[in-house]
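The structure appears below as structure tokens.
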């Protein structure tokens with residue numbers, strides 16, 4: 001190439017490179033990037049929430065079948081990881097070795113639960129145990145799906161085993177009155193932080209059944225709760241709390257997946273996950289509904 | 001796999017913060033307007049982060065982001081052209097800025113793809129294979145765009161120009 005051409009092109013290149021963003025534009029770009037990251041975090045969270053709640057619905061249906069059909073219950077005993085519920089004595093680790101799944105599952109045993117819930121009937125302990133089991137079944141199903149995808153996309157069995165997939169399920173008693181017991185079942189899956197989930201359960205101790213918001217607040221419970229939350233949000237916004245607008249994915253009303261516990265006063269307390277109705281910095285957000 | 005997605009997202013953010021001036025001047029070379037160029041870079045960055053999961057292999061992050069930016073640029077200039085239809089376009093003034101008017105004119109008269117190849121190859125020093133990824137074309141197409149562009153600029157080709165730096 002002759003020199004003139006090279007010089008011409010270099011001159012053109014210099015002109016081209018002269019264009020640079022000023023500091024104001026750079027700051028503005030950086031805040032756009034932060035916004036995008038936050039938005040992405042929320043979307044990812046929403047996807048996981050959907051997945052988890054679908055799984056919960058399936059499991060709930062499954063539990064009903066299990067409780068009403070001796071045939072299904074018996075069949076369950078033959079699946080190694082589910083085992084026989086009644087035979088579990090202490091906090092134990094299942095290691096699933098069948099079909100090379102290579103995952104470990106920790107869940108509390110019935111005996112451990114009964115020591116914790118001193119004075120409660122076996123049926124209650126059994127119920128808590130059953131709900132922990134239910135969580136672990138879903139987590140195992142997710143891990144199996146993950147393994148399948150892992151192998152299909154070129155992962156090897158050795159690499160899979162090196163992952164040390166572990167599922168841990170635990171529970172916590174939140175409150176106990178003469179009438180109600182509120183507790184949570186929390187699961188963690190070391191490969192899937194998006195599905196780490198806390199489920200809330202409330203038992204009516206007299207009737208030994210799960211309590212719904214309808215039981216506590218009557219037929220019109222959806223409107224009562226929605227109106228109460230909206231009023232409280234307004235009051236709390238005035239004192240400086242921040243909630244998402246409905247348009248940006250904030251509170252629009254409760255649905256069947258709403259979480260709550262019953263406090264010592266006997267009032268239901270609605271609980272929202274981080275990011276569900278307010279920025280992540282607010283953590284989990286609670287609203288007590290007076291009865 | 002979740003972990004891998006997070007790594008990819010992080011990598012994309014790093015590349016954006018290292019190279020925003022490159023996207024900006026590429027956009028500006030088409031829009032000739034600072035505000036539009038800024039919008040292109042911001043929209044491109046937003047889309048890149050939001051859709052980072054769709055990038056399966058982080059090795060391609062660099063060319064993937066260029067591709068997003070270039071698509072944004074093409075969308076904007078298409079809109080510019082549409083909105084200026086029927087208006088009297090005034091192209092005065094801007095030539096004075098450039099030291100070599102002929103070469104700049106030649107560059108601006110090329111198809112948008114030919115222009116991108118010339119700029120990415122000679123100003124940003126990308127490889128032909130990278131440019132091929134950005135434009136979604138094969139390397140021989142990129143080469144013929146390169147020759148055609150240089151011919152238009154009346155610049156002779158030598159072997160040194162074709163090499164993969």
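Details
- Those residues of the stretch A:238-260 which are at pLDDT 90 or above and not in a loop (DSSP other than H, G, I, E, B), in sequence order: A:259, A:260
- Residue in the stretch A:145-161 that is assigned to a strand (DSSP E or B) and surrounded by 14 or more Cβ atoms within 10 Å (Cβ to Cβ) present: no
Quick grid of which residues meet (1) within 12 Å of another protein chain (Cβ to nearest Cβ); (2) farther than 19 Å from residue A:259 by Cα; (3) free of Cβ contacts under 8 Å to residues at least 60 places away in the same chain; (4) over 21 Å from the mean Cα position of the chain (by Cα):
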| position | (1), (2), (3), (4) |
| --- | --- |
| A:137 | no, yes, no, no |
| A:141 | no, yes, no, no |
| A:150 | yes, yes, yes, yes |
| A:158 | no, yes, yes, yes |
| A:171 | no, no, no, no |
| A:180 | no, no, no, yes |
| A:186 | no, no, yes, no |
| A:199 | no, no, no, no |
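- Residue in the stretch B:52-59 that is over 29 Å from residue A:159 (Cα atoms) and out of contact with any strand residue (DSSP E or B) (no Cβ under 9 Å at 6 or more places or on another chain) present: no
- Helices (runs of 4 or more DSSP H) fully within the stretch B:95-165 counting 3 or more residues that are at pLDDT below 85: B:101-109, B:159-162
- Pairs linking a residue in the stretch B:144-155 that is more than 14 Å from chain A (Cβ to nearest Cβ) and more than 13 Å from residue B:116 (Cα to Cα) to a residue that is at pLDDT below 85 and crowded, with 21+ Cβ neighbours inside 10 Å, with Cβ atoms under 8 Å and 6 or more positions apart or on different chains, do not occur.
- Hey, residue A:266 at positive phi and touching a strand residue (DSSP E or B) at 6+ places or on another chain (Cβ under 8 Å) or not: yes
- Qualifying residues in the stretch B:1-53 (those that are assigned to a loop (DSSP other than H, G, I, E, B) and either in contact with a helix residue (DSSP H, G or I) (Cβ under 6 Å, 6 or more places away or on another chain) or under 30 Å from residue A:143 (Cα atoms) (or both)) - the one farthest from the other protein chains (Cβ to nearest Cβ): B:51
- Scan of the stretch A:11-27 for residues that are in a helix (DSSP H, G or I), loosely packed, with under 15 Cβ neighbours inside 10 Å and at the interface with chain B (Cβ under 7 Å from one of its Cβ atoms), ordered by number: A:17
- Condition met for residue B:61 (crowded, with 17+ Cβ neighbours inside 10 Å, part of a helix (DSSP H, G or I) and at pLDDT 95 or above): no
- Members of the stretch B:34-70 found to be over 24 Å from residue B:129 (Cα atoms) and free of Cβ contacts under 8 Å to residues at least 12 places away in the same chain, listed by number: B:34, B:35, B:42, B:46, B:50
The values are calculated or read from the model by the stated rules, or taken from the named source; none is laboratory data. Note that the structure is a prediction, hence the values are computed from the model and not measured. Positions of Cβ are generated from backbone atoms using ideal geometry, with glycine treated the same way; all protein chains shown enter the neighbour counts.
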